[in-house]
Every structure is written in structure tokens, then in C-alpha cells.
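Taking it in order: structure first as C-alpha cells, then the write-up.
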Amino acid sequence: MTSVDSSSLNSLYAAHLAEQQARTEHALQRGGYDALLIASGIEKFAFLDDRPYVFQTNPHFKLWVPLVQHPDSWLVIRPGHKPRLVYCQPEDYWHVPPAAPSGFWVEHFELIVVRRAEEARQHLQVPGRLAIIGEADAALDGVVPNNPPEVLNPLHYARAVKTPYELLRLREASALGAKAHLAAQRAFREGRSEAEIHRSYLAASGHAERDLPYGNIVALNEHAAVLHYQYQDVKAPAQSLSLLVDAGAHSVGYASDITRTTGNGDASFQALIDAMEAAQLRLVDGVRAGVDYRDVHLASHREIAGVLRQLGIVKMDEEAMVAQRVTATFLPHGIGHLLGLQVHDVGGFMANEDGGVIDKPEGHRYLRLTRVLRPGMVVTIEPGLYFIPMLLEQLRATPAAAQVDWALVKHLSAFGGVRIEDDVACIDSGAPENMTRDAFAALD
């Protein structure tokens, strides 16, 4: 994992907090508010049950403090004041309560420990007009989330640009994810089931199921053609032809999001993986300051057209494939998204800090990011080429069907498809930083 000495970590974190303080003061001034209150969130229970769901921290809360398993806590941010953390540490013998606050971050906060959720209220009573960020169920008596857009919009817009501290955490998350992906590939080569491959991933990442930033996609064979395949068969197939794993890890709330596809030695499928690998790296190189991310997405369709033609899957002119939306049959999703505290980080469509929407390219409704890239933005680049039965049937009904090698499509359909995804940071000048490739290289 990426390592940094304690002095450097503290310095990065202090600068990160200073940046968040400045962004918050700017947002409060624009909205006409005097202070910002942020709820960490509450533990939620299944309907008519006492079984809790996995706790999900409010991303605005973990932006400030590296705490991800701390319900009923609050932050108070005021211009000219040290941030106040109201830290809920219940006295509980049914469950393990949060440990006493400790670590590099503690000195940066006015720290108040409470034993019950309602005790936080008295420490949130600060003068002036309050912007309160959180879900409705986090409300306390007289402290009710209002989530004012005039404050949230500039915060969400700014959050797309990561601080050096955040980039460090994202590199750490990539390092954990890369290690776990290699373990998953080893389990595949041993003929393991999807469930067993998933367990190998967890063991290598050091995460429990509840720690994952999103549910792992572990897809063998034709399951790889289901973009968000949500199951894990406990029984291995008679023959494991291919493995697609879309899975990440986290470092104190910052996520990685990595996809790798592995074959079993079939020449035609390996040729497809190799062609997609080359195309993906060319798209990664397009992550440059000042580039419209929509253009990266449109370039992905030109790349897919080139792969289809190169491998003889579709024998059409590449421009015609894009124009007739043949490529959309094989690549029906967007090229990627912002990454950070959330796997699909907020602010991807915002026109400016007042809000507004930058439209997606016509006919590309699943793209999750439409902004111009800036230094400090971290995005995913994840082209895919799939053999999805319902979309292939639609292609059969078009004039382009005559140009498709359906025998090759049938053969490759047994493998499901290919997706390759890296986490990539836009930097001030020159080539981008590929956090994912760097993490894999460090494991060689």
C-alpha cells in the first residue's frame, strides 16, 4: 500500500482541512448562512425487523474526518473557528461502540464526546442561520436537515477536484484493490466458483463484505454480459471460460473502482482482451486538463469500432459503425465517472457552482460525467465490449446485421464480454496519473 510518514500525512491532512474550510466559508457566504452542520447519519433497520443495514456515512462528513463507522455524530463548521466534532460513543454491551478518538486527525478538531445521540443537540446550538446537511432521519429536536442547494451546489462542484491528501487516500484504495484483483484471478485459474472468487478477493483486500465501497461484480462466462451482475453462484461452471471482476476497496472512505477481465487461453477471446487493453490505454491518455470528458466518451465508440473491425466481428467502415450506432450494441454504457468519497462521486453534470446541467451527448444517456477535466479530478476509464443477447437481437433487425460475423459472435458470447477499468487522475500537465496501473506495477 502507498505509505507516507506521519509528519507528511499530518501536513497533507491539515492542508486538506484548510481547503475544505475555505470552500465551506465560500459556500456559506454565497448562500447567506452563518454555519454548516453535518450529520454523519444514523443506523437504519430493515422493515419490521431489528436487523440493521450496513451503515453508510454521509460523504460530507467523511470529507472532513476519516471516520466511516460512526453514526449519530456531527460536525460544526463556522468561519473563523476550529471545526467541532461531536463524537457519539455510546455505552453499550450489545455492540462494540466506537473507540475513543485517536490518531493524526484528532488535534485538528474541537472534540466533544457524547454518550447518546440526543446529547449532541446542545453542542449544535450555534448562533446564526444554519445550513444542515444530512438525511431527514438524522434530525434532532430543533436541528433538522435543510440541505440548502445554494450551499450544496458549490460544495459539490468543488469536490470534483481532489486535494493532495485525497489523492493519497485514492492511491491507497487502488493498492488494496489491485492486490485483491490478483487474488481473484488466481482463484479463477484454480477453477473456483464466483462465490469462492469473491471470498478470495475479500481476504486479499482485508475487507469484510460490509467494508466494500460497492457490491462486487464477480462474473464467470456469459454472466460478464450483465453489466451489473448482482449474484455469485456457489457452484463452479463445468468450464470456466472467462472472469470479469468489477470491484474496489476503500481507504478511510475513499474508493477505488477497478475492473479486469481474464480469459482461459482461447485465442479469439484473448485477442479481444488484448485489443481492448490497447484501446483502454489510449482512452486513459486522453485524461488531460481542459479536455471535455464527453469527448473521451465519444472517442470510446470510435475505439470500439476499431476493435470490432480489427477482429472481424463487424465488417463495416468504422465511421459508419458509430453513425449507425452499431457500437452502442457492444458498448451500451458510459466511459466512466468521477471517483472519490463515493464510487459515483457527485457533481458530474454540474455546469458551475450555482448548479445547472451540462447535457450528455445525444444518444448517450448512461454517461455519468459531462464536465471539462481539471487538475485534481479523478475519473474512471472503463470501456467494455459485450455480447448481450437482447441488444444483439436488436442488431439482427438492422441493415448492419449483414456485416456481422454471427458465428464469431456466437463463439464469443460464451465469454460474456470484456471490461477494463482504471482509476485515473488528471494532473497539471502531461500524461495523467494512472493509479490503478501504478498499483498493479508495484505488486510485480
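The values are calculated or read from the model by the stated rules, or taken from the named source; none is laboratory data. This one's a predicted model, so the numbers in the text were calculated from it and none came from an experiment. Don't worry about glycine lacking a Cβ; one is built from the backbone with ideal geometry, like all the others, and counts go over all protein chains shown. What goes into the accessible areas is simple: the full protein's heavy atoms, side chains included, and nothing from ligands, DNA or RNA. Shrake-Rupley method; radii C 1.70, N 1.55, O 1.52, S 1.80 Å.
Skip the ligands, DNA and RNA, and give the accessible area per residue of segment 184-340 with a 1.4 Å probe, whole Å².
In whole numbers, segment 184-340 has 39 Å² accessible per residue.
Which residues' amide hydrogens lie under 5 Å from the amide hydrogen of Asp292, considering only partners 5 or more residues apart or on another chain, with H built in the peptide plane?
Leu373
Apply 1/(1 + (r/R0)^6) to the Cβ-Cβ distance of Ala401 and Arg282, taking R0 = 22 Å, and write down the FRET efficiency to the nearest 0.05.
Approximately 0.20, to the nearest 0.05.
Quick check on segment 167-312: take the gyration tensor over C-alpha atoms, sort the square-rooted eigenvalues as a ≥ b ≥ c, and tell me if it's rounded (a/c under 1.5), prolate or oblate.
Since a/c reaches 1.5 but b/c is at least a/b, the shape of segment 167-312 is classed as oblate.
Give me Rg/Rg_expected for segment 254-381, where Rg uses Cα atoms only and Rg_expected = 2.2 N^0.38 Å with N residues.
Values: Rg = 15.7 Å, N = 128, 2.2 N^0.38 = 13.9 Å.
The reported ratio for this selection is 1.13.
Can you work out the accessible area per residue across segment 1-121, with the rest of the protein chains kept in place, probe 1.4 Å, in square angstrom?
For segment 1-121, the solvent-accessible area averages 53 Å² per residue.
Tell me the accessible surface of Arg159 in square angstrom (1.4 angstrom probe, heavy atoms of protein chains only), to the nearest ten.
Approximately 10 Å² for this residue.
Quick one: what are the phi-derived ³J(HN,Hα) couplings along segment 186-201, Karplus 6.51/-1.76/1.60 with θ = phi - 60°, whole Hz, x for glycine and proline?
5, 5, 4, 5, 8, x, 6, 6, 4, 5, 5, 4, 4, 5, 5, 4
Go through segment 76-174 and name the chymotrypsin sites (Phe, Trp or Tyr not before Pro) that are in a DSSP coil and have 12 or fewer other Cβ atoms within 10 Å of their Cβ. Kindly include the intermediate steps, with their values, before the conclusion.
Values: sites: Tyr87, Tyr93, Trp94, Phe104, Trp105, Phe109, Tyr157, Tyr165; in loops: Tyr93, Trp94, Phe104, Trp105, Phe109.
Answer by residue number: Tyr93, Trp94.
For the chain, with all protein chains present and a 1.4 Å probe, just round the carbon and sulfur fraction of the accessible area to a whole percent. Walk me through the numbers on the way to the answer.
On the way: 10150 of 19460 Å².
The nonpolar share, carbon plus sulfur, comes to 52 percent.
Can you pull the percent of Cα pairs in segment 301-375 with separation above 15 Å?
Counting pairs separated by more than 15 Å, the tail of P(r) holds 62 percent.
Pull up the cross-link candidates among the lysines for Lys44, meaning alpha carbon to alpha carbon under 25 Å and not fewer than 8 places away within one chain.
Lys62
Which aspartates and glutamates does Lys162 reach when only Cα atoms under 15 Å apart count, and residues fewer than 8 places away in its own chain are ignored?
Glu19, Glu172, Asp345, Asp423, Asp428, Glu433
Name the shape class, rounded, prolate or oblate, that the alpha-carbon gyration tensor gives for the chain, where a ≥ b ≥ c are the square roots of its eigenvalues, rounded holds for a/c under 1.5, and otherwise prolate holds if a/b is larger than b/c and oblate otherwise.
On the way: a/c = 2.13, a/b = 1.68, b/c = 1.27.
In terms of gyration-tensor shape, prolate.
If you take the square roots of the eigenvalues of the alpha-carbon gyration tensor of segment 25-100 and sort them as a ≥ b ≥ c, do you get rounded (a/c under 1.5), prolate (a/b over b/c) or oblate?
Prolate shape, in that a/c is at least 1.5 and a/b is the bigger ratio.
May I ask you to give the solvent-accessible area per residue for segment 378-434, in square angstrom, as obtained with a 1.4 angstrom probe?
38
Restricting attention to segment 1-97, which GluC sites (Glu not before Pro) occupy a DSSP loop and are surrounded by at most 11 other Cβ atoms within 10 Å?
Glu91
When the helices in the chain are scored as -39500 (n - 2.57) per DSSP H run of 4 or longer and the sum is shared across all residues, what 222 nm value do you end up with, to the nearest 500 deg cm²/dmol?
Working: 12 runs with 152 residues, N = 444.
So the calculated ellipticity at 222 nm is -11000 deg cm²/dmol.
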